[in-house]
Amino acid sequence: MSIVIINTGCSNLYSIQCSIRRLGYLSCVTDSVYEIKKAKKIFLPGIGTSSSVINILKEKNLLSFIKHTQQPILGICLGMQLLGKYSYEGKKSILLNKVSCLIKKLPNINCSVPHIGWNTVNYTINHDLFKNIDNNTRFYFLHSFYMKVNQYTIASSVHGIQFCSAMVIKNFFGVQFHPEKSGKPGEQFIKNFLEI
């Protein structure tokens, strides 16, 4: 199976690749549209600001392709937020608009921002992404901005407020947490995505 991790210039590219390798699969990190078009599964990672990643994708002529792809694609952390409509992180950015949600900063309500560390993920829909993963399992988070719970949410978490921690819309999958940094449950999650 051809697996691609889109090179968004982020720091977690190779930790995702290592997680995939531990599951017995090979993957490549690339920004080649030709290579990405051949992939059976695509990972869209993101760390940093939405405006910088959107600009990188534009420069590499990937933005329109990603928006219209029919291939299964998993957005991780900022990669999930890119599926929203606008982000208020730094300069207001127009995103992929797969979900009509604004990406806003987590409010500092009896909690620290950024949200760093382990938190439970409560899935409300028994989706194949969470196959063999107990509900309310803890995953690793690192973010300051969030997507609100919406009609495509399949799991949520709470850090000061409730927010979307996993979503699915057609062939677009997204998680706010980092499965590649979440131990065995995270590897099971990646395995589930690869096997859907």
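In a DSSP loop and with at most 14 other Cβ atoms within 10 Å, the trypsin sites (Lys or Arg not before Pro) in region 119-196 are Lys131, Lys170. Per-residue 3J(HN,Hα) values for region 26-43, derived from phi via the Karplus relation 6.51 cos²θ - 1.76 cosθ + 1.60 with θ = phi - 60°, read 9, 9, 10, 9, 8, 10, 7, 4, 4, 5, 5, 4, 7, 6, 8, 9, 10, 10 Hz in sequence order (x marks Gly and Pro). State the percentage of accessible surface on the chain attributable to carbon and sulfur atoms; use a 1.4 Å probe and exclude ligands, DNA and RNA. Of the solvent-accessible surface of the chain, carbon and sulfur hold 49 percent.
The loop-placed chymotrypsin sites (Phe, Trp or Tyr not before Pro) in region 22-85, going by DSSP, include none that has at most 10 neighbouring Cβ atoms within 10 Å of its Cβ.
Can you pull the percent of Cα pairs in region 95-196 with separation above 23 Å? So the pairs more than 23 Å apart make up 22 percent of the total in region 95-196. Start at zero, step by 10 Å, and the Cα-Cα distances of region 32-98 spread as 21, 59, 19, 1 percent across the bins. Note on the chain: Cα-Cα pairs beyond 23 Å make up 37% of the total pair count. When the helices of the chain are scored as -39500 (n - 2.57) per DSSP H run of n ≥ 4 and the total is divided over every residue, the value at 222 nm lands at -7000 deg cm²/dmol. Here the contact order of region 100-168, divided by its residue count and restricted to Cα pairs under 8 Å and six or more residues apart, works out to 37 percent. A simple count of charges around Lys148, restricted to other residues whose Cβ falls under 13 Å of its Cβ and scoring Lys, Arg +1 and Asp, Glu -1, yields +3.
The values are calculated or read from the model by the stated rules, or taken from the named source; none is laboratory data. Quick caveat, the model's predicted, so the values are computed rather than measured. FYI the Cβ positions are ideal-geometry reconstructions off the backbone, even for glycines, and counts take in every protein chain you see. Calculation scope for accessible area: heavy atoms of the full protein, side chains included, ligands and nucleic acids excluded. Shrake-Rupley method; radii C 1.70, N 1.55, O 1.52, S 1.80 Å.
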